[in-house]
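The values are calculated or read from the model by the stated rules, or taken from the named source; none is laboratory data. Quantities reported herein were computed from a predicted structural model and do not represent experimental measurements. Counting neighbours? That spans all protein chains shown, and the Cβs are built from the backbone with ideal geometry, glycine included. These area figures cover heavy atoms from the full protein model, side chains too; ligands, DNA and RNA do not enter into them. Shrake-Rupley method; radii C 1.70, N 1.55, O 1.52, S 1.80 Å.
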Amino acid sequence: MTLPYAEPLTRVELGPRVIPEPPRVGEPGGDPCGLCKWFADFDESEHTPLWSNDEWVLCRATEVTIPGVVWLASRGHHDSFADLPDKLAASYGPVVARIERAILSVGDIARVHVYRWGDGSSHFHIWFFPRPLGMLEARREMLPLWADLLPEAPKAEVAEAEEKIAAAMAAGD
Ligand SMILES: [Zn+2]
């Protein structure tokens, strides 16, 4: 692993804790949940998700630096794994496995990272980051750092990766 910064980095002091924390998107007092609004007015011709079913929506990312980055959201508003209804939780594993296989079908990918942070929006969503084959600097937690700093990938490459993922997901329906 390699930090995407030159040495020497200097460590900053941790600030005081902020309690209570500011509300996240979709929480009382926070901005309204954009995903709930989007999924309520769902128009596939306009928004073209990569794949969806009654429970899940696989979405395109914006300003993609590593082609194949996608995210999955539950259709309903749930916060984290602890809040998922049992039926939804039971379908999570199989759908993540399908998405991982679909992303690997893009080719030249060493591994697919799966991230659930939940610090921005309170609507359940998961990020999938493919680590390009041979990009050893971006192993483990370095991948999102590199993804944040690399230049935006050519839109044609991003679209090609997304169409492969969409086709692989459709083939599994
Ligand atoms: Zn929501």
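Filtering V12, V18, V69, V64 for residues that are more than 14 Å from H125 (Cβ to Cβ) and either small (G, A, S) or touching a residue at least 24 places away in the same chain (Cβ under 8 Å) (or both) leaves a single hit, V64.
None of T2, T10 is out of contact with any strand residue (DSSP E or B) (no Cβ under 9 Å at 6 or more places or on another chain), away from the ligand (no atom under 16 Å from the Cβ), of a type in the set (S, T, Y) and open to solvent by 80 Å² or more (accessible area, probe 1.4 Å) except T10.
Among the residues here, A82 qualifies as among the hydrophobic types (A, V, I, L, M, F, W, C) and more than 24 Å from A170 (Cβ to Cβ). Residues that are over 17 Å from L150 (Cβ atoms) and open to solvent by 70 Å² or more (accessible area, probe 1.4 Å) were ranked within the range 62-89; the one that is nearest to the ligand (Cβ to nearest atom) is H77. Summed over the range 147-166, residues that are assigned to a helix (DSSP H, G or I) and open to solvent by 60 Å² or more (accessible area, probe 1.4 Å) total 8. Within the range 90-139, being in a loop (DSSP other than H, G, I, E, B) and open to solvent by 20 Å² or more (accessible area, probe 1.4 Å) holds for S105, V106, G107, D108, R116, W117, D119, G120, L133, G134, M135, R139. The lone criterion from (1) at pLDDT 95 or above; (2) not in a strand (DSSP E or B) left unmet by D54 is number (1).
Is there a residue in the range 122-130 that is in contact with a Leu (Cβ under 9 Å, 6 or more places away or on another chain), within 16 Å of the ligand (Cβ to nearest atom) and under 25 Å from L149 (Cα atoms)? Checking the range 122-130: at least one residue is in contact with a Leu (Cβ under 9 Å, 6 or more places away or on another chain), within 16 Å of the ligand (Cβ to nearest atom) and under 25 Å from L149 (Cα atoms). The conditions of being open to solvent by 20 Å² or more (accessible area, probe 1.4 Å), closer than 26 Å to A147 by Cβ, touching a strand residue (DSSP E or B) at 6+ places or on another chain (Cβ under 9 Å) and within 16 Å of the ligand (Cβ to nearest atom) are met by S52.
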